[in-house]
1. State whether one or more residues within the range 151-170 are assigned to a loop (DSSP other than H, G, I, E, B) and surrounded by fewer than 17 Cβ atoms within 10 Å (Cβ to Cβ).
2. Output yes when any residue across the range 81-104 is closer than 20 Å to Ser167 by Cα, in a helix (DSSP H, G or I), open to solvent by 20 Å² or more (accessible area, probe 1.4 Å) and of a type outside the set (Asp, Glu), and no when none is.
3. Scanning for something more than 16 Å from the ligand (Cβ to nearest atom), under 24 Å from Glu195 (Cβ atoms) and open to solvent by less than 50 Å² (accessible area, probe 1.4 Å), does the range 105-113 turn up at least one residue?
4. Which members of the range 256-307 meet the condition of being within 21 Å of Ile364 (Cβ to Cβ) and either β-branched (Val, Ile, Thr) or at pLDDT below 95 (or both)?
5. Residue pairs, Cβ under 7 Å, 6 or more apart or interchain, first in the range 189-212 and in a helix (DSSP H, G or I), second among the charged types (D, E, K, R). List them.
6. Checking the conditions here, which among Thr159, Thr187, Thr147 is over 12 Å from the mean Cα position of the chain (by Cα) and within 16 Å of the ligand (Cβ to nearest atom)?
7. Could you look through the range 213-253, keep only residues that are open to solvent by 10 Å² or more (accessible area, probe 1.4 Å) and in a loop (DSSP other than H, G, I, E, B), and pick out the one that is farthest from the ligand (Cβ to nearest atom)?
8. Picking from Lys351, Lys359, which residue would you name as being within 30 Å of Ile165 (Cβ to Cβ) and part of a helix (DSSP H, G or I)?
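The values are calculated or read from the model by the stated rules, or taken from the named source; none is laboratory data. As the structure is a prediction and not an experimental result, all values here were calculated from the model. Note: ideal-geometry Cβ built from the backbone for every residue, glycine included; neighbour counts use all protein chains shown. Each accessible area value is taken on the protein alone, full model and side chains, heavy atoms only, with ligands, DNA and RNA left out. Shrake-Rupley method; radii C 1.70, N 1.55, O 1.52, S 1.80 Å.
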Amino acid sequence: MSGDATKLTTLGRKQYTGGFPCVNPPTYRASTILYPSLDEFEKGECGTYDYVTYGRYGSPTHQAFAEILCELEGAEGAILTSSGLAAITVALMSFLKAGDHILLSDSVYGPTRDFCTHMLAGYGVEVEFFPADADGEVVRPLMRKTTKVVFLEAPGSLTFEMQDIGSIAEVAHAFGAVVMADNTWATPLYFKPFEHGVDISIHAATKYIGGHSDLLMGTVTARGEHLKTLKAGDKLLGVRASGDDVSLALRGIRTMALRVEHHYKAALEIATWLQQQPQVARVLYPALPEDEGHERWKKYMSGACGLFGVELAAGYGRAQLAAMLDGLEYFKMGFSWGGYESLIIRVHPHKLRSHAAWKKDTVILRINVGLEDVADLKEDLRAGMGRLDGAV
Ligand SMILES: *Cc1c(COP(=O)(O)O)cnc(C)c1O
């Protein structure tokens, strides 16, 4: 069995190039796929490509990408969707129906929360949240006969709490529920979901897998019966990633190990430095020994990405914040993360929580450390901190 970096560079190649000996598989743009005979047409089979009879079911480009992802995660199959959010909605819709109950970690990605509380609740699914730093014993009393899905995201969006993934999965399974996890932050490199009781693994490939802020794509991976249920739901919903985006993701994933390792090192250095700044109350990043989720992060993950939160000391208002952010040279304001460029935004977790009491006035910044020189990034932030104190 080869290492992850070897898998990233060698898988998804030879058998997808159609006999032409170039390094990479071609980008298939396909709606119609032709059948060679009435026999094949009536069997619903098309050449040697399993499950591909129409562009909505993918192409060899999709299969090449799926091969790499499945080998990295230890999954038996993957579906590739048109966004990370579509990966989440397809997974949820495939496993839930009216009368079911779903439990989600309180700091799941905002649109995941909104999909559940608006759309799933409207379809008769009971939606409930548990504290984002929960373990199995916190979740156990919330389990019902009708609980079909327990949804995790560790660390969570905006506030980066770690759940105790293994003990929650154990409790969920004892009640017959399916465990889903949004693993975008840890990437398929640093967290191996199926070794820790996760049944359905989700990634926004838009982030580190793509890595260049030029595509939208989601992935869902599973094994055995779960994969069958997922594929059945996926077939009904029809939100396939385009061949062009899969091709970009395939290009991105080849270098993911190198990129993420650099993001991790650079982010750890910058986060450690930020902890020492007087303008900072605390840094929310489980890779830091002082973080409340650090022990769990060490238990489940073998690395971290370049995304973390910074809580500013009390007392900074909007004018100071604008002076800091508007003047930054390398940290630009924009949604998404996981690309090569550094980003910073103010976030508002108090609007998106049922349990933790984040205050409206607390300033929390979300920082995505890109691939620029760390010295330049630190200098940019140092000057920004100065503007926080300078502005009136
Ligand atoms: C960005 C993100 C998503 C959604 O991905 P899109 O491709 O933007 O739809 C899902 N989960 C997490 C944790 C994210 O950060």
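1. Filtering the range 151-170 down to residues assigned to a loop (DSSP other than H, G, I, E, B) leaves 153-164.
Pick out the ones that are also surrounded by fewer than 17 Cβ atoms within 10 Å (Cβ to Cβ) and you get none.
No, the range 151-170 has no match at all.
2. Start the filter on the range 81-104 by keeping residues that are closer than 20 Å to Ser167 by Cα, which leaves 101-104.
With the extra rule that they be in a helix (DSSP H, G or I), the set shrinks to none.
No, the conditions are met nowhere in the range 81-104.
3. So the first thing to find is which residues in the range 105-113 are more than 16 Å from the ligand (Cβ to nearest atom), and the list is none.
No, the range 105-113 contains no residue that is more than 16 Å from the ligand (Cβ to nearest atom), under 24 Å from Glu195 (Cβ atoms) and open to solvent by less than 50 Å² (accessible area, probe 1.4 Å).
4. Correct list: Ile270, Thr272, Val280, Val283.
5. From the range 189-212, the pairs are Leu189/Asp4; Pro193/Glu73; Phe194/Glu73; Phe194/Arg223.
6. On the way: Thr187 fails: over 12 Å from the mean Cα position of the chain (by Cα); Thr147 fails: within 16 Å of the ligand (Cβ to nearest atom).
Unique residue meeting the criteria: Thr159.
7. Within the range 213-253, the match that is farthest from the ligand (Cβ to nearest atom) is Arg223.
8. Being within 30 Å of Ile165 (Cβ to Cβ) and part of a helix (DSSP H, G or I) holds for just one of Lys351, Lys359, which is Lys351.
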